Amino acid sequence: MPWPLLLPLPLLLAVSGAQTARPCFPGCQCEVETFGLFDSFSLTRVDCSGLGPHIVPVPIPLDTAHLDLSSNQLETVNESVLAGPGYTTLAGLDLSHNLLTSLSPTAFSRLRYLESLDISHNGLAALPADSFTSSPLSDVNLSHNRLREVSVTAFTTHSQARALHLDLSHNLIHRLAPHPVGAGLPTPTIQSLNLAWNRLRAVPDLRDLPLRYLSLDGNPLAAVGPGAFRGLAGLTHLSLGSLQGLPQLAPHGFRELQSLQVLDLSGNPKLKWAGAEVFSGLGSLQELDLSGTGLVPLPEMLLLHLPALQSISVGQAVRCRRLVREGTYPRQPGSSPKVALHCVDTRESAAKGPDTL
């Protein structure tokens, strides 16, 4: 997503004013956004998409915040293409839907304020080391390329205090090289990582990354066993939907995920019940999606392993919620409330109307 140059995005949105067009390079569109009291601050968005490879290098206004070079059949992007007045202060750059097969190691070296970068839908097969070191990136989209092996260290950015959202989905990744321990390099601040629809046969080693969101949907994972998520104690959302092959969930496979709140296992029809111990250690889990799996019917002993669980989705359109029955009152010494699952077919509920339980 594009981020303005000098002020935080939420603040700019709060004081956003009118948008006006301005003179621009032939074929491009330049739109000025004004902000602040009395429109005292302005930024320009430049759209040069769909014009062809002859467009680069293109001159842009000095106050350009976002540049769109998508769908131009570009085969090469290097430092000279992204140089000149207006480029050094870019906050957002869109290079998606081009013909890029490689990147120059210094292609983004002058973009010291770049926060959002979209290189999706190209043909990239590899990432040079230090490709993104010079920029304080917070959002990188590398989906729909041909990447096979990626090093986590490649995403060590200039600003280590900024959380990074990284999309590597729909590639050919079979290995994600972990960040080397004791190498003297700062740990990449990847907070959100999308690895869906790649060729990973095992959960990659992501230990010590400050991950909160992780998607491994559509990968041919053979098994999820103890230690698979070692070092990811801060993870809150995990998606393992539509896994290819015959995935096996071993007991205690999620034990390290003490902070996990949402677990999505949907779309795995070959996933069979392997015992409630599979979910042991998930003391913070609140939502569990088992729709489209073989893990039904659910034994209520599952609730013993998931004390914080509030809702479960099972079958095609069945949603279960945690129900606590207090029993007799006053409660007898040593007794505890009874916990059960109350399940409803959401299709039937919808047919009855929104006001009917």
* Working only within the stretch 259-283, note down all residues that are modelled with pLDDT of 80 or more and open to solvent by 10 Å² or more (accessible area, probe 1.4 Å). => Ser259, Gln261, Val262, Asp264, Ser266, Gly267, Pro269, Lys270, Glu277, Ser280, Gly281, Gly283
* Verdict on Leu124 being touching a Lys or Arg at 6+ places or on another chain (Cβ under 9 Å), among the aliphatic types (A, V, I, L, M) and modelled with pLDDT of 95 or more -> yes
* Restricting attention to the stretch 42-87, which residues are open to solvent by 50 Å² or more (accessible area, probe 1.4 Å), in contact with a helix residue (DSSP H, G or I) (Cβ under 8 Å, 6 or more places away or on another chain) and more than 21 Å from Ser109 (Cβ to Cβ)? -> Gln73
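Listed here are the residues, each with its yes/no results for (1) outside any loop (DSSP other than H, G, I, E, B); (2) under 18 Å from Leu164 (Cα atoms); (3) modelled with pLDDT under 95; (4) not aromatic (Phe, Trp, Tyr).
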residue: Pro186; (1), (2), (3), (4): no, yes, yes, yes
residue: Gln191; (1), (2), (3), (4): yes, yes, no, yes
residue: Ala196; (1), (2), (3), (4): no, yes, no, yes
residue: Arg207; (1), (2), (3), (4): no, yes, yes, yes
residue: Ala228; (1), (2), (3), (4): no, no, yes, yes
residue: Gly234; (1), (2), (3), (4): no, yes, no, yes
* To do: Taking Gln286 as the residue in question, decide whether it is open to solvent by 70 Å² or more (accessible area, probe 1.4 Å), within 28 Å of His174 (Cα to Cα), of a type outside the set (Val, Ile, Thr) and at pLDDT 85 or above.
  => no
* Asked: Scanning for something at pLDDT 70 or above, in contact with a His (Cβ under 8 Å, 6 or more places away or on another chain) and outside any helix (DSSP H, G or I), does the stretch 23-30 turn up at least one residue?
  -> no
* Structure fact -> The condition of being under 20 Å from Asn194 (Cα atoms) and over 22 Å from the mean Cα position of the chain (by Cα) holds, among Pro269, Pro247, Pro226, Pro251, only for Pro247
* **Test: Ala202 is more than 19 Å from Asp130 (Cβ to Cβ), open to solvent by 50 Å² or more (accessible area, probe 1.4 Å) and among the aliphatic types (A, V, I, L, M)** => yes
* Structure fact -> Picking from Pro136, Pro210, the residue that is closer than 27 Å to Asp264 by Cβ and not polar (S, T, N, Q) would be Pro210
* **Residue that is modelled with the highest pLDDT, among those in the stretch 209-226 that are among the small types (Gly, Ala, Ser) and outside any loop (DSSP other than H, G, I, E, B)** => Ser215
* Yes or no: Leu214 buried (at least 21 other Cβ atoms within 10 Å of the Cβ), in contact with a strand residue (DSSP E or B) (Cβ under 6 Å, 6 or more places away or on another chain) and under 20 Å from Gly281 (Cα atoms)? -> yes
* Structure fact -> Quick count over the stretch 162-212, residues being under 17 Å from the mean Cα position of the chain (by Cα) and β-branched (Val, Ile, Thr), is 4
* What's the number of the condition Pro210 fails, among (1) over 26 Å from Arg146 (Cβ atoms); (2) without any contact (Cβ under 8 Å) to a residue 40 or more places away in the chain? -> (2)
* Got a sec? Which of Asp130, Asp118 is open to solvent by 30 Å² or more (accessible area, probe 1.4 Å), touching a residue at least 24 places away in the same chain (Cβ under 8 Å), in contact with a Ser or Thr (Cβ under 9 Å, 6 or more places away or on another chain) and closer than 17 Å to Leu93 by Cα? -> Asp118
* Structure fact -> When the stretch 243-253 is checked residue by residue, the ones that are touching a helix residue (DSSP H, G or I) at 6+ places or on another chain (Cβ under 7 Å) and either modelled with pLDDT of 95 or more or open to solvent by 50 Å² or more (accessible area, probe 1.4 Å) (or both) are Pro251, His252
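The values are calculated or read from the model by the stated rules, or taken from the named source; none is laboratory data. Bear in mind that the values here come from a model prediction, so they are computed numbers and not experimental data. Every residue, glycine as well, gets a Cβ built from its backbone with ideal geometry; the counts of neighbours run over all protein chains shown. Accessible surface is based on the protein model in full, side chains and every heavy atom, while ligands, DNA and RNA are left aside. Shrake-Rupley method; radii C 1.70, N 1.55, O 1.52, S 1.80 Å.
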